[in-house]
Amino acid sequence: MEDIKKLLAKVAPGKEVAEGTQYPTIELEPNEVRAVAKKLKEAGFDYLINLTGVDYTDALGTVYHISSSTNKTAVVVLKTKTADREEPVLYTVSDIWKSADLYEREVYDFFGIRFIDHPDMRRIFLRGDWKGFPFRKDYNEVNDTPTTNVNIDSLETLPSITLDKEGKIIEKSKQLFGNNEYVVNFGPQHPATHGVLHLRVSLDGEIVKKVDPNFGYIHRGIEKMCESLTYPQILPYTERLDYLSGSINRHAFCMCVEKAAGIEVPQRAQYIRCIFDELTRVASHLLGWGCMAMDMGAITAFIYGMRDREKIMDIFEENAGGRLMPAYSIIGGLTKDVVPNFQQTVSDFVAYMRESIKEYHTLFTGNPIATGRMHNVGWLTKETAVALGTTGPTGRASGWSNDVRKLAPYAAYDKVKFNEVLRNTDTCKGDSFDRYIIRLDEVLESLNIIEQLNDNLPTDGVNVKVPAIVKLPEGEYYQRAESARGDFGVYIKSDGNKNPYRVKFRSPCMTLISALDPLCKGEKIADLITIGASLDYVIPCADR
Amino acid sequence: MSLELIDGINKIHTLLTDNIEATWVSLIEYVLVGLGFLTLYALIALFLIIFERKICAYFQCRLGPNRVGPWGIFQVIADMVKILTKEIIPLKHNDKLLYYAAPFIVIMGSLLTFGGLQFAEGVYGVDFNVGVFYLLAVSSISIIGVMLAGWSSNNKYSLIGAMRSGAQVISFELSACLSMMAIVILGGSMNLSALMAAQEDAWFIFQSPFTWVALVIYLIAAHAETNRGPFDLPEAESELTAGYHVEYSGITFGFFYVAEYCNLFINAAIGTLVFLGGWQALHIPGCEGFNAVMDAIPSYIWMFGKTLVLIFLSLWVRWTFPRLRIDQLLHLEWKIMLPFSLANILLMAIWVIYFK
Amino acid sequence: MKKYFTDIFSGIWNLLKGMKITGKVLVSPAVTECYPEKRDELQPKERFRAELTMPHNENNEHKCTACGICAMNCPNQTITVNKSKITDENGKSKIVLDQYLYDLGSCIFCGLCSRVCPQGAIEFTNNFEHAVYTRSKLIKQLNKPGSKKVEVAKPVAPAAKPASAPAQQEKEAAPKQENENNQ
Amino acid sequence: MEVKNLRVKSMNHVTFNDNEYLEQYVEELKKGGVNVAIGCLDDCINWGRSHSVWPLTFATACCGIEFMCVGAARTDFARFGWEVTRNSPRQSDVVFVAGTIVNKMAPVLKRLYDQMAEPKYVIAMGGCAISGGPFKNSYNVVKGVNEIIPVDVYVPGCPPRPNAVLYGMLQMERKIKLEGFFKLPKKPAITPEEKVWAERLAKEEEARKAAKGIK
């Protein structure tokens, strides 16, 4: 912490580091952001975790959470505000951190802040003809359900702004595809896009030349809805972000609120939450494995994955009362204690799953067709992974150690022994096969964690009494958790009311999708599908 | 039974020739035989659809259709009724003639091949002196239909699917032919009846070790020609949604669907006829008692039984493996199967010269 | 050249190993649960949340005091509590439940309503067969026609009083919060 | 066909919800009389159609995962003849609207529906498709897919468990069995309940707009 403060004093001289915050925070003027960001990047802060837009009512602003791939536990927060609300502009950092590209588009879409020199200021989630910016506090436009499809022009014209010598804004625009390119639409409704992602792919025969993901076909505005809900009411929505790691998301939000409100959760609840998190991770990876096999044409493998996943669903149903959405964690603990035979069921499942994984390896991993399709396809180097912020198994397959369970242990993760599954950085190329195999390895590691937790389940209660109306003290809170797809983050800005002022979920999937274009360039159509499956993104998580 | 069938057919023939003029007789007979073949064709398709669904379900530890009729056997009838009464959507901005002709070309191609098969002792449509050559030739007609379907649908997915299909079928046709040529060398004839006769004592696979190589190559190539997984690139559900027939609905799609299953049968049947002795019973030279027992089993059961085994094998492969990528597919054909089959022909010729 | 042949044969060997796995499944029994055939055995687990219900006792009485806390806590207004003020024979005015409307079609089964209910008047059951042809049929009235709130028997009254006290407080808080929501 | 003669294997007629709707539906169809021969033919065709319903693979969100579960080994919808999930709308008969439909997706869904060949059916699966579900207060979510396309069966749940989807499929089967091939039925007139519903929706909408205005 002290080191980072010293560093901040060096990169931003004369700026005061705010006291009493979770992470070292400095507030900057808009024109200072780029200089500080560049210096931070040079000092090793190469991973932009999150970029949040906030409406401060008098002005609009952004909050940057920045971490490093070398000094993994360090996090710094930068904040900035626009001059006014009418013509809000900020400077882009997308050339410094590649992952800011999509985040800045998102901020533009929600708040209307335009970023100078950002190459692509299209709306990301909402339609091009949407009126207003919904996340502003004074938003009251009424947009009816449209009857016509999205206008192709609004998808293919990239507007951008830049400053001339006198500091005046100049508007520019560029075409996404050339006139003679053979552009094929994948999605929004397509079996291989894992949801409703719209990919515009430029082809040269079978070779992919360019991929342009078009988001927003499942943008539900959860973050905006959260601003009018109380904290317990937000919980069910967190599960519906990335429904495959629903428990983990819910756990993260509970932790964030508990930390802010100073609620101490009993050990037993912590353990059970972790077991559920890991079971969710196993279920998610099984589905990911199955979907990858199905996308490659092996439907039988998919069915086997689903068959074993049902066993986890049974455990969820028996204890929590829901299958896909267990709704088990609540603020202050769990809804109910587990059923008496829980430990037995879980240890049976662990034993069964270990055998199944061997079967999967014989059925699919050893298959020369499958390996041939995955090896040497979609290379993602460690540098690109960090720059794009592709956390989770995808990043670890490229050799980037980024497991939040290790670097910022939460709940019961500091009480178990486990290895962060990493592909060997020397031999590893970070191709589709690495991303595939790491998931099965992670399942085995998760089974280890489950076994340890399950054998040492404490016997204190599962919840503590919390006030009927949860209110967080004024301030900003951030909580990271390792979801099945990577670094999931919850940002809450509270103004002391029972409703949060601003909630932002750091979606691991959005950065994964942004990796599609660099990974697929020069590969074949079939590889586009394999790479997409190996990234294992969930669109509703990206769109929120 | 096949002999009784032939008897019956002869009786009808005499009945007709006694009463009607000869030209009319042949005309009526052509129509009758054609109808018979069409019925058999449809029945085989229906059977195979339910067979595959059940088998695939068991491979995936499911049950498969079991609610329509006992064990779900009427499931395909329901499918047929549904698909016959389904709307055919006319498209704008496409080549109407080719669009509607394509499914017919596909089904004609497979029917023509079907006519050249032998189903039991003495039960066949025609017996060409170049039977094997004929089968190979007409079975590649359907690819024209596939290409036309992909082209005329005016859809990018179907166009890519059709182009893939073209590349795939044409290259695998080569291996299929070459592997059969090895058998032609061994059997010394292209006439299917002559080949059958040559297998009376022992099936070709028991006559030479190189027949096994040819059989494996043929099975892979034939499987690839049917456009079924792991060679279903032209359809590639997860990439091209439905490939070349993405725009077809109702019975026009039904034709593609039926032709796919019949091609599965046809390829297995050709494999049986050429490699596994067709309708010939399993004979072990010198074992008279055993041979007599085997002969007691009717020839059509031999034929269909062996075909079914090959079909089962093909289903097993289909429901286990992932799909190949286009470069893997071409690598498999041009760098592995083609050299192997060429070498195989050479070795087979040497074998025939020295050991036969 | 050697690699060419070893690749081919190891490839074939691995393919065969894969086929062995599927072959093994082919001969082992299916895991399919036959839903409508074995409908009675296939009830979900006891805790499964599939429908909100209001249990009634044999006298057609329920425990709901129409306080509206459940409706307030519902994240998406699935519950509507229609209540009216009546004056009973003693001249006391009290609030009674007219209609407890529950929209199954928008319920998200988070369980918040049943958890916050001070009376324990509503609970989730696991009957999941609800598919209908008309959307309006999914709006259910949970209180049975002619039902009323269960009267607390006299002997139990001392015990029941502390329990109902916070409920009353919250009852007063309820309209206040509703006002807040509207602002 | 009479509603009470509807036979579904191993399910009793009275255990099904919403039989009143089907009765009303049959009444509507019977108007103008039914020819016996045509009636028989109808029954045959409907038998085929009801047992061979090929779904479109369409999933937007969470319900899509449960829909996959329905197709997987545990609750295998192949048993009903629904297994052939087609990816091309032209070849599919039913679309399970599994998941939230947002404003940007709405025209796409409409187009998909228009691309399907008759007869086509729609099953709204889960809260989002029925009424917007959890997200009905959102600025970007369609409040029920029946605003865009006609829905045949509503399967509530968030998401519905696979067996609940099977139950919905049986309901769909029953409805298909009553159709007339030669006489496409109109949707029954709006029931009083439907009116109440519409009024309630309008009221909610107004309240929401008013609340927004004040803010």
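The values are calculated or read from the model by the stated rules, or taken from the named source; none is laboratory data. Predicted model, so just to flag it, every value in this text is computed and none were measured. Glycine also receives a Cβ, built like all others from the backbone with ideal geometry; neighbour counts cover every protein chain displayed.
Matching residues to (1) closer than 18 Å to A:Tyr436 by Cβ; (2) of a type in the set (A, V, I, L, M, F, W, C):
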| position | (1), (2) |
| --- | --- |
| A:Cys274 | no, yes |
| A:Ala283 | yes, yes |
| A:Cys291 | yes, yes |
| A:Asp295 | yes, no |
| A:Tyr304 | yes, no |
| A:Lys311 | no, no |
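Residues in the stretch A:504-524: is at least one over 12 Å from the mean Cα position of the chain (by Cα), free of Cβ contacts under 8 Å to residues at least 40 places away in the same chain and away from chain B (no Cβ under 14 Å)? Reasoning before the result, please.
Taking the stretch A:504-524 and keeping what is over 12 Å from the mean Cα position of the chain (by Cα), we get A:515-524.
With the extra rule that they be free of Cβ contacts under 8 Å to residues at least 40 places away in the same chain, the set shrinks to none.
Checked against the condition, which is being over 12 Å from the mean Cα position of the chain (by Cα), free of Cβ contacts under 8 Å to residues at least 40 places away in the same chain and away from chain B (no Cβ under 14 Å), the stretch A:504-524 yields no hits at all.
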Failed item in (1) buried (at least 19 other Cβ atoms within 10 Å of the Cβ); (2) closer than 19 Å to D:Phe80 by Cβ; (3) more than 7 Å from every other protein chain (Cβ to nearest Cβ), with B:Trp71 passing the rest: (1)
Residue within the stretch A:51-60 that is outside any strand (DSSP E or B), among the aliphatic types (A, V, I, L, M) and over 19 Å from the mean Cα position of the chain (by Cα) present: yes
Of residues in the stretch D:90-115 being surrounded by fewer than 24 Cβ atoms within 10 Å (Cβ to Cβ) and more than 8 Å from every other protein chain (Cβ to nearest Cβ), the one farthest from C:Glu51 (Cα to Cα): D:Asp114
Any chance A:Glu258 is surrounded by fewer than 24 Cβ atoms within 10 Å (Cβ to Cβ), of a type in the set (D, E, K, R) and part of a loop (DSSP other than H, G, I, E, B): no
Residue list for the stretch A:158-186, filter: surrounded by 10 or more Cβ atoms within 10 Å (Cβ to Cβ), of a type outside the set (A, V, I, L, M) and either modelled with pLDDT under 80 or under 29 Å from D:Tyr113 (Cα atoms) (or both): A:Gly178, A:Tyr182, A:Asn185, A:Phe186
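Could you run through the stretch B:76-131 and say how many residues are outside any helix (DSSP H, G or I), under 30 Å from B:Gln280 (Cβ atoms) and in contact (Cβ under 8 Å) with a residue 60 or more places away in the chain?
Qualifying residue count for the region: 14.
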Matching entry among B:Ile301, B:Ile297, B:Ile284 (being more than 14 Å from every other protein chain (Cβ to nearest Cβ) and within 19 Å of the chain's Cα centre (by Cα)): B:Ile301
Filtered residue count, the stretch B:74-108, keeping only those that are surrounded by fewer than 22 Cβ atoms within 10 Å (Cβ to Cβ), among the polar types (S, T, N, Q) and within 12 Å of chain D (Cβ to nearest Cβ): 1
Condition met for A:Ile303 (within 13 Å of A:Tyr360 (Cβ to Cβ) and over 24 Å from the mean Cα position of the chain (by Cα)): yes
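Based on what the data block shows, is B:Ile20 exposed (fewer than 15 other Cβ atoms within 10 Å of the Cβ), away from chain D (no Cβ under 14 Å) and in contact with an Asp or Glu (Cβ under 9 Å, 6 or more places away or on another chain)? Don't jump to the end; show me each part of the working.
Details: exposed (fewer than 15 other Cβ atoms within 10 Å of the Cβ): yes; away from chain D (no Cβ under 14 Å): yes; in contact with an Asp or Glu (Cβ under 9 Å, 6 or more places away or on another chain): no.
No; evaluated as a whole, the condition is false for this residue.
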Complete set of residues in the stretch A:404-414 that are touching a residue at least 60 places away in the same chain (Cβ under 8 Å) and not aliphatic (A, V, I, L, M): A:Arg405, A:Tyr410, A:Tyr413
Top-ranked residue of the stretch A:331-374 - restricted to ones that are touching a helix residue (DSSP H, G or I) at 6+ places or on another chain (Cβ under 6 Å) and assigned to a loop (DSSP other than H, G, I, E, B), ranked as nearest to A:Val443 (Cα to Cα): A:Gly366
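With respect to A:Thr362, determine if the residue is more than 28 Å from the chain's Cα centre (by Cα), under 30 Å from C:Thr6 (Cα atoms) and β-branched (Val, Ile, Thr). Explain how you work it out, then say what you get.
Values: more than 28 Å from the chain's Cα centre (by Cα): yes; under 30 Å from C:Thr6 (Cα atoms): yes; β-branched (Val, Ile, Thr): yes.
So A:Thr362 passes the test.
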Residue within the stretch A:58-75 that is over 21 Å from A:Thr511 (Cβ atoms), out of contact with any Phe, Trp or Tyr (no Cβ under 6 Å at 6 or more places or on another chain) and touching a residue at least 60 places away in the same chain (Cβ under 8 Å) present: no
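Here is a yes/no grid of residues against (1) within 14 Å of another protein chain (Cβ to nearest Cβ); (2) closer than 22 Å to B:Ile311 by Cβ:
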position: B:Tyr218; (1), (2): no, yes
position: B:Ala224; (1), (2): yes, yes
position: B:Phe231; (1), (2): yes, yes
position: B:Pro234; (1), (2): yes, yes
position: B:Glu239; (1), (2): yes, no
position: B:Tyr248; (1), (2): yes, no
position: B:Ile251; (1), (2): yes, no
position: B:Ala259; (1), (2): no, yes
Residue within the stretch C:73-93 that is within 28 Å of C:Ile139 (Cα to Cα), surrounded by 21 or more Cβ atoms within 10 Å (Cβ to Cβ) and small (Gly, Ala, Ser) present: no
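Sort through C:Leu101, C:Leu26, C:Leu16 and tell me the only one that's touching a Phe, Trp or Tyr at 6+ places or on another chain (Cβ under 8 Å) and within 14 Å of another protein chain (Cβ to nearest Cβ).
Working: C:Leu101 fails: touching a Phe, Trp or Tyr at 6+ places or on another chain (Cβ under 8 Å); C:Leu16 fails: touching a Phe, Trp or Tyr at 6+ places or on another chain (Cβ under 8 Å).
Going through C:Leu101, C:Leu26, C:Leu16 in turn, just one is touching a Phe, Trp or Tyr at 6+ places or on another chain (Cβ under 8 Å) and within 14 Å of another protein chain (Cβ to nearest Cβ): C:Leu26.
Here is a yes/no grid of residues against (1) outside any helix (DSSP H, G or I); (2) touching a His at 6+ places or on another chain (Cβ under 8 Å); (3) not hydrophobic (A, V, I, L, M, F, W, C):
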| residue | (1), (2), (3) |
| --- | --- |
| A:Val490 | yes, no, no |
| A:Lys493 | yes, no, yes |
| A:Asn497 | yes, no, yes |
| A:Lys504 | yes, no, yes |
| A:Cys509 | no, no, no |
| A:Leu528 | no, no, no |
| A:Ser534 | no, no, yes |
| A:Tyr537 | yes, yes, yes |
| A:Cys541 | no, no, no |
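Is it fair to say B:Ala45 is under 30 Å from A:Tyr304 (Cα atoms), facing chain D (nearest Cβ under 7 Å) and part of a helix (DSSP H, G or I)?
Values: under 30 Å from A:Tyr304 (Cα atoms): yes; facing chain D (nearest Cβ under 7 Å): no; part of a helix (DSSP H, G or I): yes.
Taking the combined requirement at face value, the residue does not satisfy it.
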Residue check, C:Asn126 more than 30 Å from D:Glu147 (Cβ to Cβ), at pLDDT 80 or above and within 12 Å of chain D (Cβ to nearest Cβ): yes
Hits in the stretch C:94-123 (condition: more than 18 Å from C:Lys140 (Cα to Cα) and either of a type in the set (S, T, N, Q) or not assigned by TED's automatic domain parsing to the domain that holds C:Asn57 (or both)): C:Gln119
Failed item, numbered, when A:Ser245 is tested on (1) out of contact with any Asp or Glu (no Cβ under 9 Å at 6 or more places or on another chain); (2) small (Gly, Ala, Ser); (3) under 25 Å from D:Thr75 (Cβ atoms): (1)
Boolean, C:Glu46 is away from chain A (no Cβ under 12 Å), modelled with pLDDT under 85, part of a loop (DSSP other than H, G, I, E, B) and over 30 Å from D:Asn146 (Cα atoms): no
Flag if A:Phe316 is part of a helix (DSSP H, G or I), of a type outside the set (Lys, Arg) and either within 24 Å of the chain's Cα centre (by Cα) or more than 8 Å from every other protein chain (Cβ to nearest Cβ) (or both): yes
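With B:Asn227, B:Asn263 as the choices, which residue is in a loop (DSSP other than H, G, I, E, B) and in contact (Cβ under 8 Å) with a residue 60 or more places away in the chain?
Numbers: B:Asn263 fails: in a loop (DSSP other than H, G, I, E, B).
Of B:Asn227, B:Asn263, the one residue that is in a loop (DSSP other than H, G, I, E, B) and in contact (Cβ under 8 Å) with a residue 60 or more places away in the chain is B:Asn227.
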